[in-house]
1. Among residues other than residue 100 whose Cβ falls under 14 Å from its Cβ, what is the net charge (Lys/Arg +1, Asp/Glu -1)?
2. Would you calculate the separation in nanometres between label points at residue 86 and residue 173, each defined as 7 Å from the Cα along the Cα-to-beta-carbon direction?
3. Once Lys and Arg get +1 and Asp and Glu get -1 on their Cβ, which of 312, 356, 342 lies farthest toward the positive end of the dipole of the range 306-361?
4. Measure up 299/401; 121/233; 121/336; 305/329 against 27 Å on the Cα-Cα distance and list the ones that go over.
5. Whole Å is fine, so just give me how far the alpha carbon centre of the range 280-345 lies from that of the range 102-173.
6. Taking N as the number of residues in the range 285-395, what is its Cα Rg relative to 2.2 N^0.38 Å?
7. For residue 284 and residue 119, what is the calculated FRET efficiency with R₀ set at 41 Å and r taken between the beta-carbons, to the nearest 0.05?
8. Quick one: pull the percent of accessible area on the range 285-395 belonging to carbon and sulfur, 1.4 Å probe, ligands and nucleic acids left out.
Amino acid sequence: MNATWKPVNNQQKKKRRNRLLLFVIVLVAVGFWVYGFYSTPLPEVAEVEKPTVIKNPTEFSDQSTVLSAPLPKPSSNHILKRTIQSGDNLSAIFESVKISQTIMLQIVAADESLLALDILKPGNILTFSLDEKTRQLINMELFIDPAHQVVYQRVDENSFEYSEIILPGTWESQLLAGEIEGSFYQSAIAVGLNDHETGNIAYLFKNKVNFGRDIRAGDTFQVVRSLQLIDGKLTGQSSIEAVRIFSRKHQYSAFLFEDGNFYDEKGESLARAFQRFPFKGRFRISSPFNPARRHPITKRISPHKGVDFGMPVGTPIYSTGDGVITRVKNHPYAGKYIEIRHDGRYLTRYLHLHRITVKRGQKVKRGERIALSGNTGRSTGPHLHYEIHIKGRAVNPITAKIPMAVSIPKGKYKAFKQRVTELNSLLEPPQFDLVGS
Ligand SMILES: [Zn+2]
């Protein structure tokens with residue numbers, strides 16, 4: 001940077017000094033905030049290793065905002081902490097820390113585009129920072145796991161905004177190998193795969209393998225799984241990288257490629273295709289995907305993580321892919337909504353519904369009717385709000401690269417073969433003769 005500096009006059013120097021001063025102040029402010037966050041006795045939070053901080057809105061991008069806002073000083077805050085137990089709900093937790101339901105609703109409003117507070121799990125931690133004197137809530141932190149936290153920060157008398165902290169951590173691969181005894185599900189669980197991973201594997205091969213008929217006792221399987229670590233400790237996040245199943249007659253393989261999809265050894269996609277839109281016919285986009293949108297009602301910057309399609313109440317809504325219903329909820333702002341998990345990396349959400357015709361845990365197929373559109377929650381008119389998330393990030397449903405292609409594109413084939421070779425070196429050859437045994 002110094003190399004580009006040229007001799008300057010005094011005024012420019014002054015300007016530069018001011019800018020430097022501003023930068024230092026901002027740095028100190030962020031430092032306090034980070035200190036406040038990590039000085040609370042949360043379990044094993046890692047050193048900050050280039051975290052992705054997704055801010056809503058850009059409260060730190062405008063430096064004057066930072067300077068005029070009261071800096072939260074950790075030493076003068078009163079900290080309350082609650083670890084989520086099974087059966088807990090947000091209202092009861094707020095009651096237990098003596099914070100009003102009005103404040104809770106302000107935080108729930110800030111959470112509208114994230115919906116992180118709708119799925120509090122046992123072990124999650126909520127930390128409330130109150131002003132020492134006024135006892136006003138300054139911020140609330142949601143600790144999901146060591147790699148993922150959300151901070152809801154007060155911005156004025158009536159509102160909060162969230163920042164999401166996502167640490168990349170490091171990923172380590174491990175091989176899990178097993179033999180079929182009983183069902184594939186039981187055998188996979190026995191080698192240490194979890195429910196979710198086992199479901200994903202079965203889903204990956206569902207067009208190729210009939211797990212009831214084609215897989216028998218004595219068949220074997222191998223899975224390369226990578227696990228996320230922060231500071232040498234597991235975060236609980238995992239990803240399946242490769243799977244091979246040796247049945248009596250066939251060998252089935254799946255390799256995860258850089259585009260997030262699974263392919264067999266020949267580069268043919270294993271993912272089931274999605275359909276682009278969750279409805280039939282055409283409806284106008286009343287509000288596009290826009291991470292920096294101003295909310296039409298509150299006028300605050302509030303990311304729009306989906307697309308709104310204006311449509312009459314009662315329009316049939318269909319699942320855009322095969323999957324499992326993971327949420328059926330009624331949110332004060334998002335309205336009645338559904339979330340569907342399609343495999344390890346795809347997730348869709350359908351908000352402001354009128355009537356929901358599926359239940360949590362239910363399996364749905366692409367094109368299956370799941371609801372009637374509506375105008376519930378905080379909404380400016382009848383519409384469907386539709387979201388697609390890939391690996392935990394909302395993407396533009398209109399332009400997202402969702403699995404519709406059937407094979408690796410020609411230009412990527414060499415890179416794919418290279419990845420197959422790498423994963424093959426992790427997958428050990430079967431340890432005993434399978435054919436005819
Ligand atoms: Zn919307």
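1. Once all neighbours under 14 Å are counted, the net charge is +1.
2. The answer from the label model is 3.6 nm.
3. Value computed over the given set: 356.
4. Long pairs (Cα-Cα over 27 Å): 299/401.
5. 22
6. 1.00
7. After rounding, the FRET efficiency stands at 0.80.
8. Percent of accessible area from carbon and sulfur atoms in the range 285-395: 51.
The values are calculated or read from the model by the stated rules, or taken from the named source; none is laboratory data. Please read these numbers as outputs of a predicted model, since none were measured by experiment. So basically every Cβ, Gly included, is an ideal-geometry build from the backbone, and we count neighbours across all protein chains shown. Side chains included, ligands, DNA and RNA excluded: accessible areas come from the protein's heavy atoms. Shrake-Rupley method; radii C 1.70, N 1.55, O 1.52, S 1.80 Å.
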